[in-house]
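A short write-up of the structure that comes next.
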Amino acid sequence: MSALAAEHNAVNLGQGFPDYSMSEQLISLVNEAMTKGFNQYVPMQGYMPLREALAIKIQSLYQTVVSPDTQITITPGGTYAIYTALTALLQPGDEAIIFEPAYDSYIPNVEVNGAAPVLIELKFPQYKIDWNEVRQKISPKTKVIMLNSPHNPTGSVLTEHDIRELRSVVAGKDIFICSDEVYEHLIFDDIPHQSILRYPDLLEKSFVCFSFGKVYHCTGWKLGYCISSPQLMNEFRKVHQFNCFSCHTPSQVGLSKYISDPGSYLSLPSFMQEKRDYFARLMQGSKFKLLNSYGSYFVCAAYDQISDEPDTQFSIRITKEYGVASIPVSVFYRSATDNKVVRFCFAKKKETLEAAVERLMAVT
Ligand SMILES: Cc1ncc(COP(=O)(O)O)c(C=O)c1O
């Protein structure tokens, strides 16, 4: 859709990346790190002061103590952390439960390890997990449950109820959790982020994956981290050691200083909520019906008052004819389930959102 957007000079609300600038302070800190000579490999677990700063942040946000030495590994992005976690866990013949719509790397990451994805659709239009269906789909082969909150593409978030259900589903079973929390701080309406890090009993059997790029508006940095129990992290590092080994040093040095100030992340929920609310206000007069988004960069919009075309066709036509790119949500399902919704990314400058909505108003 980004290529099509460029071809048709469309406003690109499709792909999930910010078009506004990131923190000048963070850029200066990375520049300073380079100038001061932090340009060689750091240990494969990551730059220790960054892991220490993360441990402090985790304790203050989630009241959980994690060891910077044995439980945190810095990775080249969230996607890599997820791949590495699944590779550490899965053997041929295993099954992995994946909720759809799903971020596009999960299924290939499971299959490349010889395991089988077991797909469960989130209940439209709230995109909630049906835990009874999860219970039905658990088998002796189930090795992992893949979670994502805040959720791409729908903006749904896990609740305390979900955590209770999760706990009861995995209790006494050899089932692990891979929790994709790359949109950690991008959660709205004062809803607490139900991070697995809040729950030491669940963390014992989890890999929790994060992305600096996503939360600090620098997706091109491709830097993230994974948190787990010491035993599981040991397995994770066996894969990481011979894959990426060590991540970009100056960025880690810069981030270690930047995140030491809690303001750097405590300001993020309201920053992104303002964008969600601004986009929603602008869209009020349009024929699109925005679904609820409680977190992430994204909001889904139903277009059934406009057309009954398949969502892929609709998305392409709106890009070509009206000059606004979106992502059809059916592409996040293996079986292309089409609820006639498209995803818009609101992590954009006000001017970009205004330009897009001006065009979307004309869609009738
Ligand atoms: C749910 C989800 N997980 C992971 C990622 C990727 O994170 P990173 O760029 O740090 O690999 C994305 C990016 O779109 C995402 O939406």
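For the reader, a short list of remarks on this structure follows.
- Inter-site label distance for M48 and R135 at 7 Å from Cα along Cβ, in nm: 4.9
- Using R0 = 30 Å, the C-beta based FRET efficiency linking E160 and Q284 works out to 0.45.
- Cα gyration tensor category, rounded, prolate or oblate, for segment 166-257 with a/c compared to 1.5: oblate
- Heavy atoms of R281 accessible to a 1.4 Å probe, total area in Å² rounded to 10: 140
- When peptides 14-27, 91-104, 335-348, 69-82 are sorted by average Cβ neighbour count within 10 Å, with the highest value leading, the order is 69-82, 335-348, 91-104, 14-27.
- Kirkwood Rh in Å, taken over all unlike Cα pairs in segment 211-342: 18.4
- Measure of compaction for segment 43-137 (Cα Rg per 2.2 N^0.38 Å): 1.34
- Length, then width, then depth: along the principal axes, the Cα atoms of segment 151-217 run 39, 22, 21 Å.
- Normalising by residue count, segment 320-364 has a Cα convex hull of 82 Å³ per residue.
- Segment 341-347 - phi-based ³J(HN,Hα) in whole Hz, Karplus 6.51/-1.76/1.60, Gly and Pro as x: 9, 10, 9, 10, 9, 9, 7
- Segment 1-93, dipole about Cα centre (Lys/Arg Cβ +1, Asp/Glu Cβ -1), debye to the nearest 20: 240
- Full-extension gain in nm, S23 to Q231, via 0.36 nm per residue minus C-alpha separation: 71.3 nm
- Per the Debye calculation on segment 1-92 with a single equal scatterer at every Cα and no solvent contribution, log₁₀ I(q)/I(0) for q = 0.20 Å⁻¹ amounts to -1.13.
- DSSP beta bridges fully contained in the chain are about 50 percent antiparallel.
- Considering only alpha-carbon pairs that sit under 8 angstrom and 6 or more positions apart, the relative contact order computed for the chain is 27 percent.
- Accessible surface ranking that places the most exposed of R359, R51 first, with a 1.4 angstrom probe: R359, R51
- Computing Rg and the Kirkwood Rh from the Cα coordinates of the chain gives a ratio, Rg/Rh, of 0.96.
- Taking the accessible area of segment 1-127, probe 1.4 Å, and keeping the other protein chains in place, the carbon and sulfur fraction comes to 54%.
- Take D130: with every protein chain present and a 1.4 Å probe, its accessible area is about 50 Å².
- Remark on L147: its backbone amide H falls under 5 Å from those of C178, S179, D180, a criterion applied only to residues 5 or more positions apart or on other chains, H modelled at 1.01 Å from N.
The values are calculated or read from the model by the stated rules, or taken from the named source; none is laboratory data. In this text, all values refer to a predicted model and were calculated from it rather than measured experimentally. Note: ideal-geometry Cβ built from the backbone for every residue, glycine included; neighbour counts use all protein chains shown. Ligands, DNA and RNA are excluded from the accessible area calculation, which covers all protein heavy atoms including side chains. Shrake-Rupley method; radii C 1.70, N 1.55, O 1.52, S 1.80 Å.
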